[in-house]
Amino acid sequence: MTTSTSRISMDNAIEALAKRRDDQVVVSTMTVMRPWRERAETDRDLICVGSMGSASTMGLGVQLARPDVPVWVIDGDGSLAMQLGSLLTIGNAAPRRFMHVVMHNGVYDTSGAQPVLSEGNMSFADLAKGAGYADAVRFDDIESFELAIDDLLDTDGPVLVELITEPSGDSYQGPEPGTSNQLPEDGRPVASALADAWPKVRDSLAGGD
Amino acid sequence: MTVAESIPAIELLEVLQAQGVTDVVAVPDTHQRSLITLLDLDDSIRFIQAATEDEAVAIAAGLIIGGRKPVVQIQHAGLYACVNHLRGIAGDGRFPIVFLIGLLGRDPFRAPSDHAGSMVALAEPLLDTMQVPRFLLDQRSDLGMIGAAFAVAEERQGPAAVLIGHTTA
């Protein structure tokens, strides 16, 4: 349960992951997309927006297609809450090289910091364990996460890492009139951003055979 | 109209194999139960079960990224449940995903659109609204429609739907 007052900054969490970026396919979503892509984007990055909650199952599909390629999903708490059944689907499918990171900041950042439901009384790590993940752990300080992450990356998955993070305080106020379906950071249409990205990932994976 | 007939699951499976389908991603559909049973026994096509239809769409997208050729097998109620993912992932994301959609409870003597019940009657109009090409599989002679659905999905780089008109045998 989220009772600790200690929290990890999103920048520190992203930094810890980014410096371990190698050949993984990474699916990011919502608030974390922009800082992740600024820090660590490669031709194996996918975004999931406009279909909240599906980053993890999109990543699962990639991993089931290519079990030799590690997949990281960088999810949000509100996003995962929208597709909570996906924990069962992933637990059942049991992808071995699959790390599911959940940035648990406790709020819906972009819509005005409304609380995620049952905040303070639930744990995504506990839910994942109950759903059949091979391992699930939570961290509320960056030092503990840094000490554990390399072992977690060597652990047979699926592994869920719940990071208790600070709300980003994102100033995003939603799309301007007439610009719905656009990425907030650069105005690219969401549709073309996903449609543009995935063939590059497919080609990268095919080239790695 | 012709009366819808029950198509043997083995014939559906053979068509999927001929199309090079690698995975069936499904939320179990009563209407297509015999096909699910057959897929369980068959090693040529992997059966992947999802908790929701939204997840099935996203998994199929990931499989395509990884070089596989999936179909999504759901029921009409599941079509209604996954409208946003049909739009946002399959449509806007330009994934050539073919859906097999069971019309559970469909009267084989009536066209789907003539049904009083919304579950069967609204499936075709919804697909039309979502700009998803659709095919109604009512006879064994219609089995070629599955190949046509794959062809149009590839051509348009988007979803296509095959409505299974009668419970599979």
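The values are calculated or read from the model by the stated rules, or taken from the named source; none is laboratory data. The model shown is predicted, which means the values in this text are computed figures rather than measured ones. Backbone-built Cβ (ideal geometry, glycine too); neighbour counts: all protein chains shown.
Overview of results
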read-out	value
Members of the range B:8-35 that are out of contact with any strand residue (DSSP E or B) (no Cβ under 6 Å at 6 or more places or on another chain), buried (at least 19 other Cβ atoms within 10 Å of the Cβ) and closer than 12 Å to B:Gly102 by Cα	B:Leu35
Hits in the range B:104-147 (condition: part of a loop (DSSP other than H, G, I, E, B), aliphatic (A, V, I, L, M) and at pLDDT 95 or above)	B:Leu122, B:Met130, B:Val132, B:Leu143
Filtered residues of the range A:22-44 (kept if at pLDDT 95 or above and either under 16 Å from A:Phe145 (Cβ atoms) or part of a strand (DSSP E or B) (or both))	A:Val25, A:Val26, A:Val27
Options B:Gly62, B:Gly67: the member that is under 24 Å from A:Pro95 (Cα atoms), within 7 Å of chain A (Cβ to nearest Cβ), in a loop (DSSP other than H, G, I, E, B) and not acidic (Asp, Glu)	B:Gly67
Per-region count, the range A:11-30, residues farther than 19 Å from A:Leu153 by Cα and touching a strand residue (DSSP E or B) at 6+ places or on another chain (Cβ under 6 Å)	2
Which listed residue is surrounded by fewer than 19 Cβ atoms within 10 Å (Cβ to Cβ) and among the small types (Gly, Ala, Ser), from A:Ala128, A:Ala136, A:Ala94	A:Ala94
Selection within the range B:148-169 - among the small types (Gly, Ala, Ser), in a loop (DSSP other than H, G, I, E, B) and under 18 Å from B:Leu79 (Cα atoms)	B:Gly158, B:Gly165
Residue check, B:Met130 in contact (Cβ under 8 Å) with a residue 40 or more places away in the chain, of a type outside the set (Gly, Ala, Ser) and under 30 Å from A:Ile47 (Cβ atoms)	yes
Inter-residue pairs, beta-carbon under 6 Å, first facing another protein chain (nearest Cβ under 8 Å) and in the range A:64-88, second modelled with pLDDT under 95 and buried (at least 23 other Cβ atoms within 10 Å of the Cβ), 6+ apart	A:Gln83/A:Gly53
Conditions (1) in a helix (DSSP H, G or I); (2) surrounded by 24 or more Cβ atoms within 10 Å (Cβ to Cβ); number of the one not met by A:Met99	(1)
Among the candidates B:Gly78, B:Gly62, residue that is free of Cβ contacts under 8 Å to residues at least 12 places away in the same chain and farther than 19 Å from B:Ala148 by Cβ	B:Gly62
Only listed residue being at pLDDT below 95, closer than 20 Å to A:Gly130 by Cα and either out of contact with any Phe, Trp or Tyr (no Cβ under 8 Å at 6 or more places or on another chain) or surrounded by 23 or more Cβ atoms within 10 Å (Cβ to Cβ) (or both), chosen from A:Met1, A:Met52	A:Met1
Which listed residue is surrounded by fewer than 20 Cβ atoms within 10 Å (Cβ to Cβ), away from chain A (no Cβ under 14 Å) and either within 17 Å of B:Gln32 (Cβ to Cβ) or of a type in the set (A, V, I, L, M, F, W, C) (or both), from B:Ala123, B:Ala116, B:Ala81	B:Ala116
Tally, over the range B:38-59, of residues that are more than 7 Å from chain A (Cβ to nearest Cβ), among the acidic types (Asp, Glu), assigned to a helix (DSSP H, G or I) and in contact with a helix residue (DSSP H, G or I) (Cβ under 7 Å, 6 or more places away or on another chain)	1
